[in-house]
Structures are given as structure tokens and as C-alpha cells.
Amino acid sequence: MNQSNETVAQQLARAASAFEERRTGHAPQAVTVVLSEDTLMIALHGALTPAEKALARSPAGAAQVQEFHRQLFHNCSDTLRQEIQRITGVEVREATAEVETATGTVVQVFTSGTMVQVFLLAHSVPADTWRGSGPGDPS
């Protein structure tokens with residue numbers, strides 16, 4: 001796909017997927033991007049490796065997976081924050097990621113392998129720059 005034809009959401013999804021693959025060596029199976037006002041949420045589906053999924057089956061292993069991804073995100077997120085700012089034109093004010101284990105708490109990595117990253121932007125991105133006419137887009 002030609003980058004100039006991509007919507008902001010598609011560009012962010014591609015950037016988040018590439019970021020995840022660079023930092024963990026494992027590309028997510030799918031990426032979902034949602035923007036509401038000044039909050040950007042990126043869900044990376046299938047982001048856990050088979051070894052991480054196996055480790056997360058026990059409470060102690062789940063805690064290890066949580067801490068690993070929390071620290072990895074904390075130590076590496078500046079690159080993704082800069083890419084989000086480049087794509088949206090808006091500075092990322094805050095970023096957080098957590099890992100979910102068996103409790104179902106909304107965090108970075110779910111037991112299903114879904115990862116959620118939430119970025120609080122400095123201000124809203126204008127809706128007309130967010131919407132596009134990509135595949136499946138009703139606008």
C-alpha cells in the first residue's frame with residue numbers, strides 16, 4: 001500500500017506493528033487503532049510469543065510476563081511516541097502499557113495475546129485528518 005494513500009489509523013497501525021516487532025522480535029497478528037478526542041489506543045492482537053503464553057499460565061509466570069512487557073515498553077516507547085507525533089502532528093503527553101493475566105484487567109497483554117497501548121495526546125486530532133476512505137471505511 002502506498003503510504004500517501006494510507007489513513008492516519010493505518011499509518012499508526014503499521015508503525016505500532018513495526019515497533020513491536022523491533023522491540024520483541026515478534027510481530028503481532030493484527031493491530032487495532034482507536035482515537036477518541038485526545039486518547040489514542042493501539043491494540044496489538046497476538047502479540048505474545050508461544051513461550052510467553054505458556055509462561056503466563058501460572059500466576060508467577062504471568063507476573064514475569066507483565067513485568068517484562070511493562071519495563072520493555074517503558075524503556076523503548078520514546079521511538080513510538082515520536083512516530084505517533086510525526087503521523088498525527090500531536091505530541092504524546094502520556095503513554096502507558098500494562099499486561100493482563102487471568103483477571104481480565106484492561107492492560108497491555110491479555111492472556112489471548114492481545115496487547116493494548118494507550119496514549120494520552122496533548123490535544124485532539126481533527127476528525128477530518130483521522131477519517132479516510134480506506135477499505136471498509138464508511139466515510
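Structure data summary
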read-out	value
Förster-model FRET efficiency, 41 Å R0, Ala60 and Asp128, C-beta, rounded to 0.05	0.25
Two-site label geometry, Asn5 and Gln85: point separation in nm, points 7 Å out along Cα→Cβ	3.2 nm
Full-stretch length increase - Glu37, Glu94 - with 0.36 nm per residue and alpha-carbon distance subtracted	19.1 nm
Interchain or long-range residues, amide H under 5 Å from His45's placed H	Gln29, Ala30, Val31, Thr32, Met115
Gain on full stretching of the segment that runs from Glu21 to His74 - 0.36 nm per residue minus C-alpha separation	17.5 nm
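All of the numbers you see were taken from the coordinates with simple rules; none came from a lab. Because the structure is a prediction, the values reported are computed rather than measured. Glycine also receives a Cβ, built like all others from the backbone with ideal geometry; neighbour counts cover every protein chain displayed.
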